[in-house]
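Accompanying notes for the structure given below.
The values are calculated or read from the model by the stated rules, or taken from the named source; none is laboratory data. What you are looking at is a predicted structure, and each value in this text was computed from that prediction instead of being measured. When we count neighbours, we look across all protein chains shown, and the Cβ atoms used for this are built from the backbone with ideal geometry, even at glycine.
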Amino acid sequence: MSNVLQQLAVARREKRPFGIYSVCSAHPWVIEAAIDQAIEDGSDLLIEATSNQVNHRGGYTGMQPEDFRRLVCEIAARKGLDESRLVLGGDHLGPNPWQRQPAAEAMSEAKEMVAAYVRAGFEKIHLDASMSCGDDPHPLPGETVARRAAALCAVAERAAGEHKPVYVIGTEVPVPGGATESLTELSVTSREAASETLAVHRRVFEEAGLAQVWPRVIALVVQPGVEFNHDSVVDYAPERATELVALLDEEQGLVFEAHSTDYQGPRAYRALVHDGFAILKVGPALTFAMREALEALSLIEAELVAPEKCSRLMGVLEQVMLDDPRNWEHHYAGDERAKRLLRRYSYSDRLRYYWNDARVKQAVGTLMDNLREITIPQTMLSALLPDQYRSVRAGTLKLDAHAIILHRIREVIGVYAEACKPQTL
């Protein structure tokens, strides 16, 4: 069992902070690319499943926590990453998937889900009871959030074996998968609000008989002022988070966890880690990059393969999304043309919910089979995937569709990996 998460606050106290990126995706190619990156870096790897993706009911991937663990461990074993360097986490674990139900029912489901995650060996548990349920007031009082988090924690502790999990708490969680409104600037969590969240949770944990667990609360989710929506990104501005960051001088057993860090630049990630946002969540940016690679490869396929044999992948994806709009219709607005463009190109990448569809998987398989039967011309690769072209020319990347897709995903992961390396305060 890796102790890398427990070392984050220690390293900051010793003025040599480092970070860890959290890969929040259930797609096997994303997981494979992340494992390749960890092997190259010789680092530990944190991979997380969200409550919507993976839960005791199957989630939108159809996987329960044990299934997700098996998937990740099988890929790691095949690639040669020792399981001791893997850290599995559960993100937004709480009533979120059932929030339209009455609170008692939603929390009953959440407890079952948390227990399933812990029994499956997930070591990092984000206790997120911040959302109002069907019969709750809006917004949910902080005391209620803390009491529900403590109830979930108690379930996790009972489900754990000899090795107890570590916990992340926090109520100021950005919208999963990105915002839907126009963004210009975000309010950073105030130091007062963060301090109050910690105080209420600490007190409630003690009242619930969980005082001994508090040292394993390793991080607080806050809003550092980063977010993205369909077509824009709010970049991290360190000067706006100065007061919030100063709280870590008092709470030296903790670091901050930053959500929705997708699409930030290299300097922003480095600054976030320097300032104590030591856990950087990334998800949509990874499948966004994967979609870019697949779309480019499907254009190559269309040029070189007989029309009747082509996968028509992007057309299949569009039709599947139209046939089942549940995962995007409440997120994308505008006329039909605007929604069509958002379905494919939005930073929020709601398309990621559809890679498991049988028709999409068949189209991807056809695309990959077709590309295996041809040699991709370097000139076409240059036109459509220029970074991969340069790597092929340099001899560091095989001219192979699967390798090209992983390389494109790793371009995103690599920026995180570089930013998470140790620094000096």
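Among the conditions (1) over 21 Å from the mean Cα position of the chain (by Cα); (2) without any contact (Cβ under 8 Å) to a residue 40 or more places away in the chain, the only one that LEU210 does not satisfy is (2).
In the stretch 383-397, the condition of being within 14 Å of ALA296 (Cβ to Cβ), touching a Lys or Arg at 6+ places or on another chain (Cβ under 7 Å) and not in a loop (DSSP other than H, G, I, E, B) is met by at least one residue.
Can you confirm whether the stretch 75-92 contains a residue that is touching a residue at least 60 places away in the same chain (Cβ under 8 Å), in a helix (DSSP H, G or I) and surrounded by fewer than 21 Cβ atoms within 10 Å (Cβ to Cβ)? Outline the logic, then answer.
Residues of the stretch 75-92 touching a residue at least 60 places away in the same chain (Cβ under 8 Å): 84-87, 89, 91-92.
With the extra rule that they be in a helix (DSSP H, G or I), the set shrinks to 84-85.
Checking which are surrounded by fewer than 21 Cβ atoms within 10 Å (Cβ to Cβ) leaves us with 84-85.
Scanning the stretch 75-92, I find at least one residue that is touching a residue at least 60 places away in the same chain (Cβ under 8 Å), in a helix (DSSP H, G or I) and surrounded by fewer than 21 Cβ atoms within 10 Å (Cβ to Cβ), so the answer is yes.
How many of the residues in the stretch 104-124 are surrounded by fewer than 24 Cβ atoms within 10 Å (Cβ to Cβ), hydrophobic (A, V, I, L, M, F, W, C) and not in a helix (DSSP H, G or I)? Selection size over the stretch 104-124: 1.
Going through (1) farther than 30 Å from THR261 by Cβ; (2) touching a His at 6+ places or on another chain (Cβ under 9 Å) one by one, LEU342 falls short only on (1). The residue that is modelled with the lowest pLDDT, among those in the stretch 296-339 that are more than 30 Å from ILE376 (Cβ to Cβ) and among the basic types (Lys, Arg), is ARG326.
The listed residues are GLY62, GLY90, GLY80, and the only one of them that is in contact with a Ser or Thr (Cβ under 8 Å, 6 or more places away or on another chain) and either not basic (Lys, Arg) or not assigned by TED's automatic domain parsing to the domain that holds GLU32 (or both) turns out to be GLY90.
Among the numbered conditions (1) polar (S, T, N, Q); (2) touching a helix residue (DSSP H, G or I) at 6+ places or on another chain (Cβ under 6 Å); (3) surrounded by fewer than 15 Cβ atoms within 10 Å (Cβ to Cβ), the only one that THR375 does not meet is (2). The set of residues from the stretch 37-74 being within 14 Å of LEU286 (Cα to Cα) and surrounded by fewer than 23 Cβ atoms within 10 Å (Cβ to Cβ) comprises just one member, GLN37. Evaluate the stretch 200-213: report whether one residue or more is over 30 Å from ARG147 (Cα atoms) and among the β-branched types (Val, Ile, Thr). For the stretch 200-213, residues over 30 Å from ARG147 (Cα atoms) and among the β-branched types (Val, Ile, Thr): absent. Picking from residues in the stretch 1-36 that are polar (S, T, N, Q) and free of Cβ contacts under 8 Å to residues at least 12 places away in the same chain, the one that is farthest from LEU280 (Cα to Cα) is ASN3. For the stretch 1-36, the tally of residues that are surrounded by 18 or more Cβ atoms within 10 Å (Cβ to Cβ) and part of a helix (DSSP H, G or I) stands at 12.
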